[in-house]
1. Counting only other chains, and only Cβ atoms inside 10 Å, what mean value do you get across the residues of A:28-36?
2. Helix-only estimate, please: 222 nm mean residue ellipticity of chain A, summing -39500 (n - 2.57) across DSSP H runs of length 4 or more and dividing by its residues, to the nearest 500.
3. Along the Cα→Cβ direction, 7 angstrom out, place labels at residue A:154 and residue B:340. What is the inter-label distance in nm?
4. Quote the relative contact order of the stretch B:6-251 in percent (integer), defining contacts as alpha-carbon pairs under 8 Å separated by 6+ residues.
5. Using only Cα atoms and rounding to the nearest 10 degrees, what angle (0 to 90) does helix A:188-200 make with the longest principal axis of chain A?
6. Can you give the alpha-carbon Rg of the protein assembly as shown over 2.2 N^0.38 Å, where N counts its residues?
7. Which ordering of A:30, A:231 is given by a fewest-first count of other beta-carbon atoms within 10 Å?
8. Among A:138, B:201, what is the fewest-to-most ranking by other Cβ atoms within 10 Å?
């Protein structure tokens, strides 16, 4: 019994070690696209500049107070934009990574190696999971320096705590979508639309209170809104770990369902492709 | 003849036939029985059976569309068969998608698409070595060894996207050799390689075979199987048309044909009829036939030997009638003859 447990532990740790290889590979790939790296940052800064001027037309009273103090629109939206990076990775990058593996023909090579499909799925987003929190922090620092926004930097810890639940939730959804891409080859349009609808009925760019009354309960239940509420309370107010615990606990069961759905859907898609003999088709 | 299955064992050449399966099971790396696979209306494989022995190179021959790649992909666990069984290392419980199964088999695919194009060949190898379970330092050193072994040391930090077809093939073989595995499935590995490169790759594969690996080598380069492969399976339209040793395979050929150059053969048609051609035909009576070639009248004749007749017999018969043979060339290799004989003509 103990031997089986030891062998399982050794197998699991060997799979976890493989994740660093994915990170290294993706870092090298990213460095090979230097212009894309620069343009990613430029577009994000450009987005903030636009919202900075839009914010000049928005009365701060329309935005909820956090920790008892009124916040500006740029502070409100900057947290929303920071969170979209997580959505981009979880939905966009995972899907495009699977598609790229199909196009390069590396998906078969990867699946023919003794690597668990769950490791491969995690590996596809491993680099971004590390990069996004760093990118998010640098982004908030830049917004603070360039546009005079005020953030509670001690709130980064509680934000990371929320992301522990929100990250896997989005990753699970991304893997479900990736399974769709694996099966139907095209599917990014539908996924893009779903992502857009998801983002609109949240509070990324505007408070949920401005939405039509019938849409508000839906938006309040949206996991993005839940995560944003927690993040804003921490970064714009004074909320600590204990204060964001309700949001965290609200996200955890959804995350568990999404992760299980993702793993099951991806395995089913692989099984189907093997059955059809079309795994290498792109 | 074309519809028969030729089995080397029946000719006394020692290939493992169905009855051998259980007797020599310890030596058998892969036991394929009755594997079939259909893609829509096309039957890619029909009841294919094959035994791959440890420490041997088993050539898988066949024209385009014969089912070679489908069979390799089934063995690699990338495609499911519709019917039939694949038993690896004598363990029927090993699932084709299991981690253990995938640790046992390495595959070199036929196409170019199997690497990350934006990163270097070495980095690709390091990545896959990690996927095979090596730790970072081991992966790096093993990647460098294999990179050099396939003759890519000059490629250094070049991105794979800039590799030629041949370089990608070499890299693909290097990947298969990263972590020794008992079974190698190699699909058209020498297809885009120059003769030296192809010989180098075959040498590397032969080394792994000496160490006990079993290699299934799919190819259309018929010339390379002589002196390299131990066994041959020939597929045609998804069916096994031949299974046996290379020697037995070469024996499945029609009467051998030779291009012979005889003194005084390059004379007018009338002279020939009266002279050298008629005398040659007479001398070869019962041993074979001799006819003018379709080429310009340059003194060469085409000599086709009957079955069981060896070249020296025919030449002896010609020389006995004082016909001078100036040169004698094999018109086509026995391997190519056998291949053409066992496969359907291209439609």
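1. Mean partner-chain Cβ count within 10 Å for A:28-36: 3.
2. -26000 deg cm²/dmol, from helical runs alone.
3. My value for the distance between the label points is 8.8 nm.
4. For the stretch B:6-251, the relative contact order is 31 percent.
5. Helix A:188-200 sits roughly 30 degrees off the main axis of chain A.
6. With N residues counted in the protein assembly as shown, Rg over 2.2 N^0.38 Å equals 1.31.
7. In order of increasing Cβ crowding within 10 Å: A:30, A:231.
8. The order, fewest Cβ neighbours first, is A:138, B:201.
Read-outs throughout are calculated quantities, based only on the coordinates presented, and are distinct from any laboratory measurement. It should be emphasised that the depicted structure is a prediction, and the values quoted were computed from it without experimental measurement. Using ideal geometry, Cβ is built from the backbone for each residue, glycine included, and neighbour counts are taken over all protein chains shown.
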